[in-house]
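Below: the structure, in structure tokens.
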Amino acid sequence: MKTCTIKSVYEALVRKRGLNPATANLSATDKALIADYINGRMPEGYERTWWSDLMRAEQREYRDTYDAAGNYITGDEVYHVAADGGEHYYISLQDANVGHDPDTATTWWAEVGDTFLRTLSFQQQGKTEIGAVDLQNCVFDVDPRINRFAGRIENVIFYEDGILVSADEAPARPWIWFRPPVPEFSLTDWNAATAYAIGDLCYYASSGESYKALQVSTDKNPYEQTEYWAPVEFPAFLKNFIVWAAHAEYLLDPVERDKAEGRAQVELDGLEDAEDQKGVQRKIVFGR
């Protein structure tokens, strides 16, 4: 996905106000308000349709991979690759189950039975968080980026915090086609003295990016300390819509506000038309 910096979006919004971003010197409160406008309108564009630029494909396990250092209790379930390459799911038979290989420690582990729920959690360790899926077009037994119209598994339903795949059709490690959660952005400058919690947001002026905290930290530079921070990607194709939509939120004059809102909707409608055309072209290529 092509991205742009949140700085470029901010500067475009400042110019819409008739100001020079280099000399405007807006207050922290004003910048936070602009971020609120951006975040408030982002879901409207992000969730308008299943944008191909936003969709991702990942191969997933139904449970976390077995960890030899993990301390498992009765009923815990894991994914494990045997020495011969076979893929299996096991259930722990005892508490304090540490360091016992599921393939050989049969008093500690057993392969799951018919009641095993093949669920794909929206939040899975080491995987990209899933924001939303199209149940009719989300689980595959092959990589959907290669041929999105082949290998689709149809018997899929929402279940708790994920999706449930039919046992009759489920491969050991299915591919899932999904959209990540709607991103949120900050224009509040990172402060070396601030104690940040996991999930906190900040802005780093030198890179022009928003960052999301991956770990608790203090004095960990977002641009350099990548184990503590991850940049929040701004989808470049939505930039013009967001600029006009966020600008409309700022305007007090109803006539000017309606003009800006109308321009935002024109931008979004045009993007959706282009996306629909992409879908037509894919169907022609794959003969569907």
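For the chain, the solvent-accessible area works out to 53 Å² per residue, with a probe of 1.4 Å and every protein chain left in place.
Length available on full extension from ALA83 to ASN137: 0.36 nm per residue minus the Cα-Cα distance, which gives 16.1 nm. With all projection directions averaged, the alpha carbon convex hull of segment 201-282 covers 8.2 nm². Within the shell defined by Cβ-Cβ distances under 14 Å, the residues around GLY85 carry a net charge of -2, with Lys and Arg each +1 and Asp and Glu each -1. Can you compute the label reach from ALA69? Point 7 Å from Cα along the Cβ direction, backbone N cut-off under 19 Å, restricted to segment 218-243. Flagged as within label range: 227-228. Note on exposure: LYS278, LYS2 ranked by accessible area (1.4 Å probe, complete protein assembly) read LYS2, LYS278, with the most exposed listed first.
Using a 1.4 Å probe on the protein heavy atoms, what percent of the accessible area of segment 198-288 belongs to carbon and sulfur? All intermediate terms of the calculation are to be shown ahead of the outcome.
On the way: 2620 of 5160 Å².
So the carbon and sulfur contribution to the accessible surface is 51 percent.
Taking 20 Å as the straight-line reach from the Cα of LYS220, the lysines in range (excluding those fewer than 8 positions away in the same chain) are LYS212.
A protection proxy built from the mean count of other Cβ atoms within 10 Å ranks the segments 99-109, 36-46, most packed first, as 36-46, 99-109. How far is the Cα center of segment 193-213 from the Cα center of segment 228-257, in Å? Value for the Cα centre distance between the two parts: 20 Å.
Each 5 Å bin from 0 upward holds the following percent of the Cα-Cα pairs of segment 123-261: 2, 8, 13, 14, 11, 12, 13, 12, 9, 4, 1, 0. Note on the chain: Cα Rg divided by 2.2 N^0.38 Å, N the number of residues, gives 1.24. Using the Kirkwood radius over Cα pairs, work out the Stokes-Einstein diffusion coefficient for segment 62-156 at 37 °C and 0.692 mPa s, in µm²/s as a whole number. The Stokes-Einstein estimate is 216 µm²/s.
The values are calculated or read from the model by the stated rules, or taken from the named source; none is laboratory data. It should be emphasised that the depicted structure is a prediction, and the values quoted were computed from it without experimental measurement. Virtual Cβ from ideal backbone geometry, glycine too; neighbours counted across all protein chains shown. Calculation scope for accessible area: heavy atoms of the full protein, side chains included, ligands and nucleic acids excluded. Shrake-Rupley method; radii C 1.70, N 1.55, O 1.52, S 1.80 Å.
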